[in-house]
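Structure first, then comments.
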Amino acid sequence: MATRSLPTTRLAVTTVFFVCGLVTAAWVARIPAIKEGLELSAGTLGLALTGMPIGLVLAMPVTGWTIARAGSRSVVIWSSFAFSLILPLLGLVPSALWLWLVLLAFGFASAAMDISMNAQAVEVERAYKRPIMSNFHAFFSLGGLVGAVLGGWAAGVGMGPLAFFLLSALGSSLLLLWAMRHLLAATLEAGAPGFAVPRNAVLLGLGVIIFCTGLGEGAMADWSAVYLREAIGTSEALAAWGYGAFSLAMVLGRLSGDWLTHRVGPVRLARVGGLLAAAGLGGALLAQGPVPVLLGFVLVGLGYCTLFPLVFSAAGRVEGVHPGVALASVATLGYLGFLAGPPLIGWIAQISSLRFSFAVVAVLALCITALAGLLGRSRAS
């Protein structure tokens with residue numbers, strides 16, 4: 001790739017990350033409206049939300065196989081447009097069963113987009129010859145923030161989910177039409193499995209850290225708005241700011257993540273991250289008004305924001321394990337955590353309460369702090 005095209009290509013890949021975050025947040029921000037419109041209980045909604053994780057799981061091996069043969073650019077193109085264009089269908093579903101089915105397709109497209117856009121980002125980072133991955137993920141979070149803000153605005157002016165989803169899909173598609181012209185014709189290196197079970201003790205511990213992180217992020221994505229709406233009693237417009245506050249903190253944290261790692265070290269940063277996430281969730285549970293809850297969600301975002309890159313970096317240095325296998329292992333557990341979070345929250349809320357569900361997530365955040373020392377035990381082989 002010519003050097004003069006690098007900035008344009010980087011911007012194109014950044015745009016794809018932004019769109020992925022925006023479409024995800026557009027859906028998340030209107031979950032309370034969908035729940036109320038279909039008259040779903042917390043347990044039924046939790047069951048319906050399993051459609052997306054199942055779609056994600058089904059997409060992982062298929063996407064890896066397709067990228068290896070057709071290149072990441074082709075997968076980014078079809079998956080990103082599919083992800084955007086499936087969004088309006090979520091505003092048309094007549095029942096929980098149909099919601100599950102559409103979320104299955106939505107999750108499949110989401111995972112394919114996520115894997116392929118990260119493959120593009122790896123190639124761009126390699127061309128730059130310096131770390132820039134954190135910035136790509138910052139723009140995913142920025143897209144989440146914009147989507148949450150727009151979702152709150154739409155709810156505030158009385159715009160229904162379908163109309164909002166149509167506008168979001170249209171805007172996302174226009175951005176993608178430009179970005180697709182400047183992506184790399186890149187493919188993944190062969191040999192790294194899509195799924196792997198970590199057998200190394202350090203690697204297994206790192207996998208637990210990323211599982212707890214993914215579960216917490218998934219819980220915040222799908223249930224923060226519902227928590228504000230039902231446990232605190234806010235309006236739907238204000239409830240949409242739950243994920244927005246979390247995403248804003250993720251953006252700021254990821255933009256400064258490399259600097260913080262250099263200043264305080266990965267072990268201390270991860271320990272503080274787990275404590276911040278637990279403190280934020282605990283504060284949100286004790287709060288009786290929306291402002292303290294939103295501040296708690298900001299702390300949660302600041303706690304989680306650097307954990308994924310910290311674990312990936314440490315896993316790639318585990319002695320005696322090929323970096324490709326190590327990264328595949330922890331990535332698989334991270335996905336499983338992210339997938340398990342939303343339905344787990346719903347099921348626990350059904351038999352106890354939504355507050356108790358968030359307390360479980362807080363305990364898992366403390367597990368991150370307890371295991372953070374493993375980030376200093378990995379060594380290059």
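Of the helices (runs of 4 or more DSSP H) that lie entirely inside the stretch 245-311, those containing 3 or more residues that are within 15 Å of the chain's Cα centre (by Cα) span 290-304. Tallying residues that are hydrophobic (A, V, I, L, M, F, W, C) and modelled with pLDDT under 55 within the stretch 186-216 yields 6. For Ala278, the conditions (1) surrounded by 23 or more Cβ atoms within 10 Å (Cβ to Cβ); (2) of a type in the set (A, V, I, L, M); (3) within 25 Å of Arg30 (Cα to Cα) are fulfilled apart from (3). For the stretch 315-326, the candidate set comprises residues that are open to solvent by less than 10 Å² (accessible area, probe 1.4 Å) and over 20 Å from the mean Cα position of the chain (by Cα); within that set, the residue that is modelled with the highest pLDDT is Val318. If you go through the stretch 226-250, how many residues are at pLDDT 85 or above and open to solvent by less than 40 Å² (accessible area, probe 1.4 Å)? Of the residues in that region, 11 qualify.
Cβ separations smaller than 7 Å between residues 6+ apart or across chains give the following pairs from the stretch 267-285 residues that are on the phi < 0 side of the Ramachandran plot to residues that are outside any helix (DSSP H, G or I): Leu269/Thr306; Gly273/Thr306. Residue count for the stretch 128-160 satisfying the condition of being open to solvent by 10 Å² or more (accessible area, probe 1.4 Å), touching a residue at least 60 places away in the same chain (Cβ under 8 Å) and over 24 Å from Leu310 (Cβ atoms): 7. Scanning the stretch 149-166 for residues that are assigned to a helix (DSSP H, G or I) and over 26 Å from Arg10 (Cα atoms) yields Gly151, Gly152, Trp153, Ala154, Ala155, Gly156, Pro161, Leu162, Ala163, Phe164, Phe165, Leu166. Looking across Leu177, Leu170, Leu166, one residue alone is more than 21 Å from the chain's Cα centre (by Cα), under 23 Å from Ser235 (Cα atoms) and modelled with pLDDT of 95 or more. It is Leu166.
Return yes or no: is Gly257 in contact with a helix residue (DSSP H, G or I) (Cβ under 6 Å, 6 or more places away or on another chain) and at pLDDT below 85? So Gly257 fits the description; yes.
The values are calculated or read from the model by the stated rules, or taken from the named source; none is laboratory data. Please read these numbers as outputs of a predicted model, since none were measured by experiment. Every residue, glycine among them, receives a Cβ derived from its backbone with ideal geometry; neighbour counts consider all protein chains shown. Side chains included, ligands, DNA and RNA excluded: accessible areas come from the protein's heavy atoms. Shrake-Rupley method; radii C 1.70, N 1.55, O 1.52, S 1.80 Å.
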